[in-house]
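These notes are about the structure you will find just below.
The values are calculated or read from the model by the stated rules, or taken from the named source; none is laboratory data. The shown structure was predicted, so the numbers you read here are calculated from the model rather than taken from an experiment. Note: ideal-geometry Cβ built from the backbone for every residue, glycine included; neighbour counts use all protein chains shown. Side chains included, ligands, DNA and RNA excluded: accessible areas come from the protein's heavy atoms. Shrake-Rupley method; radii C 1.70, N 1.55, O 1.52, S 1.80 Å.
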Amino acid sequence: MWMTVAFISTAAVFVSLTMATLHHQRWVWRLPALPAPADSLTSAVRCSVIVAARDEAARLDATVRHLLAQRHIALEVIVVDDGSTDGTAAIARGKGADVLSFGENRGLRAGIAAGYGYASENGYEFVGRVDADGQHPVDELEKLLRLVRAGDADVAVGSRFAIGDGYEAF
């Protein structure tokens with residue numbers, strides 16, 4: 001089975017959960033009925049963004065605020081607190097994010113997998129991912145989501161090394 005992946009010059013990811021399910025931290029791909037593209041990215045489909053964070057209290061406030069302030073995308077934020085000791089979870093909850101907390105540090109891969117699993121279990125159709133420290137340009141999420149929602153790609157990966165919409169070398 002083939003999956004379409006789009007690479008564009010940004011640093012974030014958007015995935016259609018109608019195209020994938022997470023099973024024991026592995027992607028198991030299945031063919032879906034693609035959702036009809038909507039005119040607006042703020043329509044009724046549920047979109048979330050995962051933010052894996054460990055001791056990011058100082059920077060997380062701005063990242064979550066920026067995500068929730070997106071005007072063209074209706075996003076819900078899922079923060080995965082990876083064993084933080086600095087109040088990261090409290091700040092995320094205070095800003096309106098859903099929070100998953102690990103009692104100890106499990107690493108970025110476990111945080112991302114837990115976020116995708118939570119999104120899948122809670123009925124999100126599209127899921128993005130950004131870093132807690134603000135390095136990923138949140139404003140670029142709209143480009144990624146448009147590709148996936150239109151059915152042009154099953155997964156859209158932003159990379160600061162990609163040039164244009166192709167697979168050009170960096």
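Of all the residues that make up the stretch 102-114, how many are under 18 Å from ARG59 (Cβ atoms) and touching a helix residue (DSSP H, G or I) at 6+ places or on another chain (Cβ under 8 Å)? Number of matching residues: 0.
Counting just the residues of the stretch 51-60 that are open to solvent by 40 Å² or more (accessible area, probe 1.4 Å) and among the charged types (D, E, K, R), which one comes out farthest from LEU108 (Cα to Cα)?
ARG59
Can you spot a residue in the stretch 77-86 that is surrounded by fewer than 22 Cβ atoms within 10 Å (Cβ to Cβ) and within 19 Å of VAL155 (Cβ to Cβ)? The answer is no, given that none of the residues of the stretch 77-86 is surrounded by fewer than 22 Cβ atoms within 10 Å (Cβ to Cβ) and within 19 Å of VAL155 (Cβ to Cβ). What about ILE73, is it open to solvent by less than 60 Å² (accessible area, probe 1.4 Å), closer than 20 Å to VAL127 by Cβ and either assigned to a strand (DSSP E or B) or at pLDDT 95 or above (or both)? Here the answer is no, as ILE73 does not meet what is asked. Only one entry of GLY123, GLY117 meets the criterion of being at positive phi and either at pLDDT 85 or above or open to solvent by less than 10 Å² (accessible area, probe 1.4 Å) (or both), and that entry is GLY123. The lone criterion from (1) part of a loop (DSSP other than H, G, I, E, B); (2) under 14 Å from the mean Cα position of the chain (by Cα); (3) closer than 19 Å to ALA62 by Cβ left unmet by VAL80 is number (1).
Of all residues in the stretch 126-144, those being surrounded by fewer than 19 Cβ atoms within 10 Å (Cβ to Cβ), part of a loop (DSSP other than H, G, I, E, B) and either at pLDDT 85 or above or basic (Lys, Arg) (or both) number 1. Kindly indicate whether TYR167 is open to solvent by 30 Å² or more (accessible area, probe 1.4 Å), aromatic (Phe, Trp, Tyr) and at pLDDT 90 or above. When the stated conditions are applied, TYR167 does not pass them. Give me the residue from the stretch 96-114 that is within 14 Å of the chain's Cα centre (by Cα) and of a type in the set (Gly, Ala, Ser) and, out of that set, surrounded by the most Cβ atoms within 10 Å (Cβ to Cβ). Per the criteria, the residue is GLY111.
When the test is whether a residue is open to solvent by less than 30 Å² (accessible area, probe 1.4 Å), out of contact with any strand residue (DSSP E or B) (no Cβ under 8 Å at 6 or more places or on another chain) and farther than 24 Å from GLU142 by Cα, ALA90 does not pass it.
What pairs come out if I take residues in the stretch 104-117 that are in contact (Cβ under 8 Å) with a residue 40 or more places away in the chain and part of a helix (DSSP H, G or I) and pair them with residues that are among the aliphatic types (A, V, I, L, M) and open to solvent by 30 Å² or more (accessible area, probe 1.4 Å) whose C-beta lies under 8 Å away, six or more apart or interchain? Taking only residues 6 or more apart or on different chains, the pairs are ALA113/LEU22; GLY115/LEU100; TYR116/LEU22; GLY117/LEU22. Residues in the stretch 145-156 that are touching a Leu at 6+ places or on another chain (Cβ under 8 Å) and either open to solvent by less than 20 Å² (accessible area, probe 1.4 Å) or aliphatic (A, V, I, L, M) (or both): LEU145, ARG149, ALA153, ALA156.
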